[in-house]
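Quick notes on the structure that follows.
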Amino acid sequence: SAASAERPPCPVVLLTPQGRKLDHALAAQLAAHDRLVLVAGRYEGFDERIRAHLATHEVSIGDYVLTGGELPALVVADAVVRLRPGVVGLATATATDSFAHGLLEHPHYTRPADFRGWPVPEVLVSGHHAEVDRWRRRESLRRTLARRPDLLASADLTAEERRWVADLTRESEAATARPG
Ligand code: 4GS
């Protein structure tokens with residue numbers, strides 16, 4: 001019998017600069033399905049009948065032009081597959097990472113605690129886990145405010161985090177206004 005009679009419908013994604021820009025929300029939506037068809041074109045666009053009758057999604061990985069849709073297909077596959085259970089070591093690693101909670105990641109440090117005289121921030125070697133968590137959330141907000149303030153508008157922040165954003169905004173405004 002026809003495959004369509006045996007399996008639930010699955011997304012059929014055309015990779016094209018004309019599509020919706022890939023983001024975490026779209027990756028998560030695609031990851032909710034057990035199957036995914038990615039359609040990559042080369043040189044010209046797609047036959048309009050593929051777009052009109054077969055595609056369920058048109059997705060772009062960014063506003064630039066490549067020679068084919070294969071790399072965009074791999075980008076979508078990678079972003080989607082890592083959201084599937086068991087693919088990334090800890091289930092929490094993907095739940096706590098950057099775009100899952102709508103903010104940029106805080107800085108990361110490894111060892112040694114001093115490299116060429118550049119120290120790891122003291123709080124991170126203190127062993128105070130609650131303080132480390134606070135530092136990370138604050139640095140995540142600092143980075144998001146500096147580089148992607150647009151993300152803060154839709155981020156889901158606690159009252160304390162909103163206070164930090166207000167403080168950090170004042171700090172950076174003071175730094176900009178300061179002469180010299
Ligand atoms: C993209 C992109 C892309 C467009 C494929 C010109 C060959 C090419 N696909 N996101 N024809 N950016 N596709 O550049 O998805």
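Structure data summary
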quantity	calculated
5 Å binning of all Cα-Cα separations within the range 1-144, expressed as whole percents from 0 upward	2, 8, 14, 15, 14, 13, 10, 9, 6, 5, 3, 2, 0, 0
Residue of H101, H33, H128 that the Gaussian network model of the chain assigns the largest fluctuation, springs spanning Cα pairs under 10 Å	H128
GluC sites (Glu not before Pro) within the range 38-137, DSSP loop, no more than 10 other Cβ atoms inside 10 Å	E44
Only Lys, Arg (+1) and Asp, Glu (-1) charged, at Cβ; the chain dipole about Cα centre in debye	180 debye
Charge dipole of the chain about the Cα centre (unit charges at C-beta), most positive-ward option of A5, G86, G102	G102
Considering only the chain, percent of DSSP beta bridges that pair antiparallel, nearest 5	25 percent
Of the DSSP H helices in the chain, those whose Cα atoms cover at least 15 Å axially and whose Kyte score averages -1.0 or more	70-81, 159-177
Whole-Å distance, taken between Cα centres, linking the range 127-145 and the range 40-87	35 Å
Neighbour-count ranking [beta-carbon atoms within 10 angstrom, fewest first] of V65, V59, V125	V65, V125, V59
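Only the coordinates and a few stated rules stand behind these numbers; no lab work does. The structure displayed is predicted, hence computed values, not measured ones. Every residue, glycine among them, receives a Cβ derived from its backbone with ideal geometry; neighbour counts consider all protein chains shown.
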